[in-house]
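Here's the structure, in structure tokens; my notes come after.
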Amino acid sequence: MSWPIFRDSIQSRILLMMLAIMLPITLMLTWFFILNLQHTQAEADAKVRLLAENSARILSDYLLEHEKVLIRIAARPMVKALDPDRCDPVISNYVALNPGYTTLAVRDLNANPVCSFLPNPASGHTMLHSSGFIEAMRNEGFSASGATLGSSTGRWISALAQPIRDSTGKKIGLIRIAIDLQKLSDDLLGSVPKDALVTVIDQRRNILLRSTQAHAFIGQATPGLATQSVRGLREATLTVKGLDGVVRRTAFVTIPGVEWRVSAGLPEQQLLADFRLTLWRCVAIGIATLVLAIALAWRIGAAIIRPIHDLAATVELIANGNRTARATLAGPAELSMVAQQFNNMLDIFDSNEAALKDSEQNLAITLQSIGDAVIATDANGLITRMNPTAERLTRWSLAAAIGQPLSAVFQIINAQTRVALSSPVQLVMEYGTTVELASNTILLARDGHEYQIADSAAPIRNRAGQIIGVVLVFSDITERHRIAAEKMLSVAQMQQAFDASPIGMALVALDGHFLRTNPVLSQMLGWSEAELLQRDFQAITSPADIATDLALAAEVIAGKRASFQLDKRYLHKDGSEVWAQLNVSLVRDAQGSPRHFVSQIQNITERKQVQDALQTSLAEKVSLLNEVHHRVKNNLQVITSLLRLENARAAASQRLRPYLMTSRAGYALWRCYTNPSTVPVCLLRLTCRPI
């Protein structure tokens, strides 16, 4: 639809006036809107964070209190005795005093019930298959399970557990208390405001506690999007749509130790009510201002029609191919400036067009220089560019390949199955992202040659983000594949080299136990391989070196260092000490998790004895050298003083004075070395400097 206002070329005047008036107002309103939004969001986040932190503190205090109680019960002699015939009366009395508990039980390491509040507790076989019990057994301290459906009560519970240890500190059993989650929700979250929602989520992202309708939601899984957004964060604030369909601004706080996550949220509609009111006011002001700007612009546009017509005529000439046409600089100063800028734009356009041609040439040169093969296609998969490396690998010339479908030039199959693979162009156009093909891809050249290749295809997008083609980059990795195969064949040789190594070799588990040793290590320490495999390295290490060895091993496991070297003392089977140089590195699996240590152990007992003797000898020589240094220093000071006196006396002699002026005795320790007889020798260098 064409409006008369546009046909009369008044559009430019109206737009110019409207922009002049609306720009500062728009910026002011936008700035005000952003500040108001930030302030509102900050207040909302502060509210929900405070609610989440208070709820987390209440729950943390609750868990801490029960941890202390379980520790005291676990320390009672009758509980530590684990005697099924003598059940500590505190087990039944404590549950009777706390209606929120469903049971309190003591079990041994095999999950067998020793003492329980329930007359018929679950069997040990049943508990061994309980994820909560298995997790509690793994922990060395207090633990809290996730939401679990109680087998006897049919209610959702959480089991708090504390290890029972004997007098030596060894874990001998477990004391567990089951808490009714519905009752716990009512007790801890009953004071939460009605418009707020507080939820506690366990380690499996199931709901443990809920401030409202707890009976309907406890045990249910939380929305995946919300938990995914805060995964790995101890605290976070974000907008979440709850299971009840209400969108809330929610804060997340993680309770240390049990890894329970407390979320507290308030309806976002309520939090942003004031902001939305302000927004509507801003929109109303903006519309009123826009109407005023259009009215003013309409009344002052009549004086600029002719220059705009001239400018339009120039544009028409350029559109018809006259690239030399330029706008006339006439009319008001503003329009004259527009015409000048238009002319400048044309000049820049001509310059950019020339630069674009140069860029095309540079692109072609760059493409020719790339070592990898490069093929570019349009959106239909037809080849538009190809560099010499691609021509060599595909055996297609550029002239023959342009305009051909990529599937005709770039034929790929699976190296094992010999089945044709999908075209990279089709995959890129389908997924709109970079696609990497499998490493077992074979390229079939036009003349029948086969190449093992590694390649990737990426979309080519215009400024609007639309895919207008695909660029395919691939390289010949045939030789690399051959080398990899040879490396696999050498693994067996490496295992043979482990046993045949001239120094001690060992594979050591993360806990210090030997996994494998070679004969040299057994000969060095006097222990057979079977005897070493029944021990850990701490058992055959001198007590003076154990702490250092363990600390370095811990740093390697933590990733603080890649390996370490340590001179340490091993205990020979006959009780003597063997000095050895230990080199340790860590083997990790594909996911980066530590698997075991590789230790190289070289006997350096004789070297240590020689070094100790050399250190003693060197200390004696240093003492002697200090004495010589003191005596030489005193003598040279006397010589220097005599030279100064002679210089003063020879003031009248012009022939002798230059020599005295440039003479000043001094010395310095120059170099120490060890001669073939292993005796340290130090040299003194005498120097003469001007007085």
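Rule-based calculations on the coordinates, nothing more; no lab input. Because the structure is a prediction, the values reported are computed rather than measured. Counting neighbours? That spans all protein chains shown, and the Cβs are built from the backbone with ideal geometry, glycine included.
Computed values, structure above
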{"item": "Ratio of the Cα radius of gyration of region 17-74 to 2.2 N^0.38 Å, where N counts its residues", "result": "2.41"}
{"item": "Cα-based convex hull volume of region 370-483 per residue, rounded to whole Å³", "result": "101"}
{"item": "Packing rank of 180-193, 534-547, where each peptide gets the mean count of other beta carbons within 10 Å, highest leading", "result": "180-193, 534-547"}
{"item": "Cα-only radius of gyration and Dmax that characterise region 501-603, units Å", "result": "12.9, 42"}
{"item": "Gain on full stretching of the segment that runs from residue 333 to residue 436 - 0.36 nm per residue minus C-alpha separation", "result": "31.2 nm"}
{"item": "Among 267, 103, 23 - extreme Cα towards positive end, dipole of region 1-300, charges at beta-carbon", "result": "23"}
{"item": "Cα-based reach from residue 194 at 25 Å (exclusive), listing lysines while leaving out same-chain residues under 8 positions away", "result": "47, 183, 241"}
{"item": "Model label zone, residue 221; criterion: amide N under 20 Å from point 7 Å along Cα-to-beta-carbon; scope region 260-289", "result": "260-263"}
{"item": "Sites residue 636 and residue 348 - FRET efficiency at Förster radius 60 Å, r taken between beta-carbons, to 0.05", "result": "0.15"}
{"item": "Spin-label model distance (nm) - residue 285 vs residue 94, 7 Å beyond Cα toward Cβ", "result": "6.4"}
{"item": "Inter-site label distance for residue 644 and residue 609 at 7 Å from Cα along Cβ, in nm", "result": "5.6"}
{"item": "For residue 205, distant residues with modelled amide H under 5 Å away", "result": "none"}
